[in-house]
1. Could you tell me which numbered condition A130 fails, if it satisfies all but one of (1) among the aliphatic types (A, V, I, L, M); (2) more than 20 Å from K38 (Cα to Cα); (3) in a loop (DSSP other than H, G, I, E, B)?
2. G60 versus (1) at pLDDT 95 or above; (2) farther than 17 Å from V110 by Cα: which is the lone unmet condition?
3. State all residues of segment 149-176 that are hydrophobic (A, V, I, L, M, F, W, C) and exposed (fewer than 11 other Cβ atoms within 10 Å of the Cβ); if no residue qualifies, say none.
4. Working only within segment 88-124, note down all residues that are polar (S, T, N, Q), over 8 Å from the mean Cα position of the chain (by Cα), more than 17 Å from A13 (Cα to Cα) and buried (at least 24 other Cβ atoms within 10 Å of the Cβ).
5. Let me spell it out: the conditions are (1) surrounded by 11 or more Cβ atoms within 10 Å (Cβ to Cβ); (2) over 18 Å from I142 (Cβ atoms), and D197 meets all of them except one. Which number is the exception?
6. Of all the residues that make up segment 220-239, how many are in a strand (DSSP E or B) and surrounded by 16 or more Cβ atoms within 10 Å (Cβ to Cβ)?
7. Of the residues G108, G101, only one is in contact (Cβ under 8 Å) with a residue 60 or more places away in the chain and within 21 Å of H54 (Cα to Cα); which?
8. Scanning segment 178-193 for residues that are under 21 Å from the mean Cα position of the chain (by Cα) and either assigned to a strand (DSSP E or B) or at pLDDT 95 or above (or both), which turns out surrounded by the fewest Cβ atoms within 10 Å (Cβ to Cβ)?
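The values are calculated or read from the model by the stated rules, or taken from the named source; none is laboratory data. Everything numeric here is computed off the predicted structure, so don't read it as measured data. Quick reminder, even Gly has a Cβ in these numbers, built from the backbone with ideal geometry, and neighbours come from all protein chains shown.
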Amino acid sequence: MRILVTNDDGIRAPGVQALAQKMSKLGEVALIAPLEEKSAIGHGITIRDPICVHKINIEGVSQAWGVKGTPADCVKLGLTELFTEKCDLVISGINNGPNLGTDVLYSGTVSAAIEGVILGVPSLAISLAAWNYEDYSVAADIIYTLIKYMIKNKFKLPVGTLLNVNVPAVNKKDIVGYKVTILGAREYENRFEKRFDPRGNPYYWAVGEILPFKERDLDFDVVAVEKNYVSITPIQFDLTNYKIMQEIKQWGLEDL
């Protein structure tokens, strides 16, 4: 089994190294991740600059490259140039912080997994639902178990679908179980603090906090993680709203 591991926190981040080392027990791993942190970069790709690649030595990982680019660059380059054998699975993470609800639209971690799916490889995005939490071993064990089940079920996912997994930042004994969930809404107090540089030029710093999630149904990823469940959300990159297509056709634009 061949696995491409990436992230958006950078190749030196403890989460991605813990993941790559754990996945090495399942097969051949190629760790291909950004040289620098690329959090919240979404699905950006590099098209106007060269993408430099550096071989990196990572303990417990046979192949590792640091890429001067985005998480999506890493997967695209990895699957087409660096990982020369057929890849069976792309795993992005373990992210430092949650990727819940509509935040998946900003996430470089999730976008890397989306790129894997676009290129026809089963993919997962993995996040530890707390910032600056130092122990990634529980999340790595959970992903190991999840992939075992995926292998047992022959990676059965619809074309264009990935799994977005969020693991509560608690001890293993405090994990209640697994929950297949839907995306909740992540709302922010969109507020910016106006500041001035030493020359008097204004700039803005985002300071808004996350607002409380109003729903309490365990079917939502946000709630499941709050209740110490591992949240597994199937995501598709086809954003078409099929339900409204017929209504728009009735506007008569196609008859012009």
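1. (2)
2. (1)
3. Scanning segment 149-176 gives a single hit, V159.
4. The initial filter retains those residues of segment 88-124 that are polar (S, T, N, Q), namely 92, 95-96, 99, 102, 107, 109, 111, 123.
Restricting the remaining residues to those that are over 8 Å from the mean Cα position of the chain (by Cα) gives 96, 102, 123.
Imposing the further condition that a residue be more than 17 Å from A13 (Cα to Cα) reduces the set to 102, 123.
Scanning segment 88-124 gives a single hit, S123.
5. Failing condition for D197: (1).
6. 7
7. Unique residue meeting the criteria: G108.
8. Y188
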